[in-house]
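Working notes, beginning with the structure itself.
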Amino acid sequence: MDENEFDRYTIVLLRRPETFPELTDEHLEDLQARHLAHNDAMVRAGHMLVAGPTGREWDDSLRGICIYRCDLDRARELTEADPMVEIGWLGYDAFTWWTRKDAL
């Protein structure tokens with residue numbers, strides 16, 4: 001396999017952890033706004049390609065998917081700066097995804 005034939009992205013699966021803080025509706029609304037602002041900032045900075053919520057048809061803990069344009073360590077760092085991740089409302093799984101060059 002010639003690594004130069006592939007683009008690499010980092011996929012982040014945002015998950016609801018088994019235990020998470022109790023929040024008021026007002027706090028959750030503010031947190032959601034800051035979460036969305038964080039994602040928008042990641043896109044504007046060129047770190048993230050796209051992000052969005054998921055249906056929970058097969059995994060109730062899965063809440064969203066982010067596709068980062070940076071390596072795994074940097075994507076983890078940026079994900080941990082997400083306000084929802086910072087307070088433990090969301091956890092995440094992250095992995096590298098290889099695609100055919102210029103597929104996205």
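The values are calculated or read from the model by the stated rules, or taken from the named source; none is laboratory data. In this text the structure is predicted, and so the values were computed from the model without any measurement. No Cβ is skipped: glycine too gets one built from the backbone with ideal geometry, and neighbour counts run over all protein chains shown.
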Residues in segment 48-104 that are modelled with pLDDT of 95 or more, assigned to a loop (DSSP other than H, G, I, E, B), farther than 25 Å from Leu28 by Cβ and not basic (Lys, Arg) total 2
Looking only at segment 54-70, decide whether some residue is touching a residue at least 60 places away in the same chain (Cβ under 8 Å) and either touching a strand residue (DSSP E or B) at 6+ places or on another chain (Cβ under 8 Å) or farther than 22 Å from Glu3 by Cβ (or both).
yes
Run Asn39 past the list (1) closer than 28 Å to Asp7 by Cα; (2) part of a loop (DSSP other than H, G, I, E, B) and report the number of the one that doesn't hold.
(2)
Any residue in segment 79-104 that is under 20 Å from Ala45 (Cβ atoms) and among the charged types (D, E, K, R) sitting within a Cβ distance under 9 Å of a residue that is in a loop (DSSP other than H, G, I, E, B) and at pLDDT 95 or above? List the pairs, counting only those 6 or more apart or interchain.
Asp82/Leu90
Anything in segment 71-103 that is surrounded by 13 or more Cβ atoms within 10 Å (Cβ to Cβ), touching a strand residue (DSSP E or B) at 6+ places or on another chain (Cβ under 7 Å) and of a type in the set (Lys, Arg)? List them, or say none.
Arg76
Condition first: touching a helix residue (DSSP H, G or I) at 6+ places or on another chain (Cβ under 8 Å), part of a loop (DSSP other than H, G, I, E, B) and under 24 Å from Asp73 (Cα atoms). Can you find one or more residues in segment 9-26 that meet it?
no
